[in-house]
Amino acid sequence: MATPSSAKDFRRHKEGTDLTLPSGLTCRAKRVGMQVLLRQGAIPNSLMPVVQKALREGQRGQELDPAQLMSELTEDKLDEYMKAMDAIIMAVVVQPKILPVPMMNPPGTPDGVVTTPEAMVPVPDDERDQSAAYIDWIDEVDKVFLMQFATGGTADAEKFRGEFAQFVGAAQPSEDLQVPAEQPTGD
């Protein structure tokens, strides 16, 4: 019969596990329950069916299939999905603490004038708290890996890299796809 785990073991489990991301960076992450994500408002109601399906597949030991997940998202839900993914990652990554992108009025806005949230722009990297990490500093492949981890998938970056490369290699470009121009990062 197995010996019961100590309180210290339970605390260590709650604090998360060290993950090496596909980019080579390392973070400490923990799987959080659906209740935590709902309480934090990380999952909009319109995305609940897609997220619940991904969680069910993860709990059954199936890997998250990015192609299938994306096929279930309509164009109007894609922006919601990206915001939800960022919120989930901020809840999953324990260390370093990942913060949302700080926003500011566009340059040239008169003092005292507050613009609408849609008109706000990200604070440049060099003007941000340099002791913090921000969600827009995580590349998309690492985000997909963290989502897979969050839904119960593998924590093995090498296995993920191979699967992701197969997925990306199988993707065919669309004639109507427009890739935005590379934006300066402020480095």
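The values are calculated or read from the model by the stated rules, or taken from the named source; none is laboratory data. Please read all numbers here as calculations on a predicted model, not as lab measurements. Note that each Cβ is placed from the backbone with ideal geometry, even for glycine, and that neighbours are counted across all protein chains shown.
Please verify whether L25 is within 17 Å of V93 (Cα to Cα) and more than 15 Å from the chain's Cα centre (by Cα), treating the condition exactly as stated.
no
Within segment 90-103, is there a residue that is over 30 Å from T17 (Cβ atoms) and over 13 Å from the mean Cα position of the chain (by Cα)?
Looking for residues that are over 30 Å from T17 (Cβ atoms) and over 13 Å from the mean Cα position of the chain (by Cα), one finds at least one in segment 90-103, hence yes.
Within segment 103-120, is even one residue under 19 Å from L25 (Cα atoms) and either out of contact with any strand residue (DSSP E or B) (no Cβ under 6 Å at 6 or more places or on another chain) or surrounded by 14 or more Cβ atoms within 10 Å (Cβ to Cβ) (or both)? Break it down into steps so the answer makes sense when it comes.
Residues of segment 103-120 under 19 Å from L25 (Cα atoms): none.
Within segment 103-120 (the criterion being under 19 Å from L25 (Cα atoms) and either out of contact with any strand residue (DSSP E or B) (no Cβ under 6 Å at 6 or more places or on another chain) or surrounded by 14 or more Cβ atoms within 10 Å (Cβ to Cβ) (or both)), the answer is no, since none of the residues qualifies.
Among the residues of segment 104-126, what is the count of those that are of a type outside the set (A, V, I, L, M, F, W, C) and not in a loop (DSSP other than H, G, I, E, B)?
Residues meeting the conditions: 5.
If I135 meets every condition in (1) modelled with pLDDT under 95; (2) within 21 Å of the chain's Cα centre (by Cα); (3) surrounded by 16 or more Cβ atoms within 10 Å (Cβ to Cβ) apart from one, which number is that one?
Answer for I135: the failing condition is (1).
Using the structure shown, decide if T20 is among the hydroxyl-bearing types (S, T, Y) and either surrounded by 12 or more Cβ atoms within 10 Å (Cβ to Cβ) or under 17 Å from V94 (Cα atoms) (or both). Before the answer, list the steps.
Working: among the hydroxyl-bearing types (S, T, Y): yes; either surrounded by 12 or more Cβ atoms within 10 Å (Cβ to Cβ) or under 17 Å from V94 (Cα atoms) (or both): yes.
In short, yes.
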